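The values are calculated or read from the model by the stated rules, or taken from the named source; none is laboratory data. Just so it is clear, the model here is predicted, and its values are computed rather than measured. Cβ coordinates were reconstructed from backbone atoms using ideal geometry, including for glycine residues, and neighbour counts include every protein chain displayed. Side chains included, ligands, DNA and RNA excluded: accessible areas come from the protein's heavy atoms. Shrake-Rupley method; radii C 1.70, N 1.55, O 1.52, S 1.80 Å.
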Amino acid sequence: MNKCKLNLLWAACAATVALSACGGGDDDSAAPAPAPAPAEGGLYDVTKVDGRRFTKSAVASNEKTLSDLPAVQANTLHLGALPKEQTFYDYGPGKALKVGAARDLAPTQTDAGTRSTLTWSRNAAGQNVGALRVQAEGAKGLRLGLLVSSLPDAAVLQVSSTQSGRTVYEVTGAEVNARLADNAAAGETGSASRTWWTPDLGGDTVALQITLPAGVDTSALAVSIPTLSHIFLAANTTSDQVKDIGDSDSCELDVTCYQTGANERDAVARMLFVKDGASYLCTGTLLNDAAQSNRPYFLSANHCINTQTAASTLQTDWFFRSASCGRFQVMGAATTLSNGARLLYASATNDMLLVQLNDQPPSGAWMAGWDAAPNGVQSVFDIHHPSGDLAKISGGQVTSYSNCVANANCTPTSNPNAPYLQVTWSQGTTEGGSSGSGLLKSTGHVIGTLFGGSASCSYKQGTDNFGRLSVGFSNGMNRWLVAKDPSAL
């Protein structure tokens, strides 16, 4: 195999150039291309689809403001600081970046304990309203795990945080029950599958308010809160300073400073999700499909999420990048979606994940193109969130095929059927939190997702390994990406 270095032509913007000249323009590639001609059966006969701008109107937001809600009294549960030995950023090849630890809540371990801990009142409509707060010393964010035995569909749950200002996340009992029904429909059992996780709104205090339907007694609420996820890396998007969000290494490159990936960066989102009470960060990419259906197919790594229960906890941060080149401030369009996703495909063969988001993407998102044809040596780039930081970009070249083992390093091979591609970076690198990010050809088509590797700022001769989209496509992802009638899936 030819392993010669391939030049990647980067177009870095001078500090004096306007943001639109630094990749901030709206090159939407005009109108969406027509869908390809259908083949026999239920799939289009294509292995490559171009990217395009998301065109469907977004659905109503779950966000409200405090001014929309009457003030209520609430008990506050206080937790001390998380033990230092639990605050390490655990990551490595084939491992998601751990940024939060599970903690028990003793007073709310049972349904009865939760009902008695909630402060109950009656609102003007005669509805029973229960409220509580949880404060954990030093927490950068808190997610409460509600273990649901019985929750009326017409109940309304509201979550707020002192850090999120006047923003309140509101969801109905029906929406919570639908997420848990997804877990059950996937055949997943146990308490984790019956647990709904509140979104991370940042800060060391979270408030929960549950309003029951009129005429429904408090005894109808059978919900406990046995655990919470204590986030020790400031993952919330409301922070203004990069150092409060993630501390990526010195050689990482601000994506806002480059014209390369000017569209594709709008397809990339930072992922926050929960497994066994612990919180993790990865990166994922919104994909277009052959039918131009606007369905929010989202690509990442199997080692990030591989169960429906974890997919139901998914929170995604969009446009999470610097407001201008080199500036330590989040752009104003940053948006968070918190309603989880439906697991479609997860495979350890090439460490690949495909889900369909339960939320519509935000306005202005890009649906990335992809190429499922076999790929060899070529120039590539990657847009990702190292250490949970604002979006960065890396450039390099595919140098080999490779084989990888879970939680282990990879071995290069000349076998063109190997499930991974090995990449050497000439600019930038990846870190924990970059896992699952899309490997893109110079044309902007996704060809893989990040498993991990030895590359770092201090070891620039190291390599990274990406699961091959061509393998995932032929092993089942084509069912969704080239379906003639996605609504039938």
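Key figures for this structure:
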{"item": "Qualifying residue in the stretch 39-53 (condition: crowded, with 18+ Cβ neighbours inside 10 Å, polar (S, T, N, Q) and either over 29 Å from the mean Cα position of the chain (by Cα) or modelled with pLDDT under 95 (or both))", "result": "no"}
{"item": "Where a residue in the stretch 40-53 is over 12 Å from residue 473 (Cβ atoms) and in a loop (DSSP other than H, G, I, E, B) and its partner, wherever it lies, is small (Gly, Ala, Ser) and at pLDDT 95 or above, with Cβ under 8 Å and at least six apart", "result": "42/483; 50/369; 51/267; 51/368; 51/369; 51/444"}
{"item": "Residues that are under 19 Å from residue 288 (Cβ atoms) and in contact with a His (Cβ under 6 Å, 6 or more places away or on another chain), drawn from the stretch 317-371", "result": "369, 370, 371"}
{"item": "Residue satisfying all of: in the stretch 155-164; open to solvent by less than 40 Å² (accessible area, probe 1.4 Å) and of a type outside the set (A, V, I, L, M); modelled with the highest pLDDT among these", "result": "158"}
{"item": "Verdict on residue 57 being within 23 Å of residue 206 (Cα to Cα), polar (S, T, N, Q), modelled with pLDDT under 95 and open to solvent by 50 Å² or more (accessible area, probe 1.4 Å)", "result": "no"}
{"item": "Test: residue in the stretch 233-252 that is modelled with pLDDT under 95, open to solvent by 20 Å² or more (accessible area, probe 1.4 Å) and either of a type in the set (Lys, Arg) or more than 30 Å from residue 368 (Cβ to Cβ) (or both)", "result": "yes"}
{"item": "Filter pass, residue 178 being assigned to a helix (DSSP H, G or I) and either out of contact with any helix residue (DSSP H, G or I) (no Cβ under 7 Å at 6 or more places or on another chain) or open to solvent by 20 Å² or more (accessible area, probe 1.4 Å) (or both)", "result": "yes"}
{"item": "Residue check, residue 452 touching a strand residue (DSSP E or B) at 6+ places or on another chain (Cβ under 8 Å), without any contact (Cβ under 8 Å) to a residue 60 or more places away in the chain and small (Gly, Ala, Ser)", "result": "no"}
{"item": "Residue 347 of a type in the set (Gly, Ala, Ser) and at pLDDT below 95", "result": "no"}
{"item": "Top-ranked residue in the stretch 313-369 [being among the small types (Gly, Ala, Ser) and open to solvent by less than 10 Å² (accessible area, probe 1.4 Å); ranked as farthest from residue 228 (Cα to Cα)]", "result": "369"}
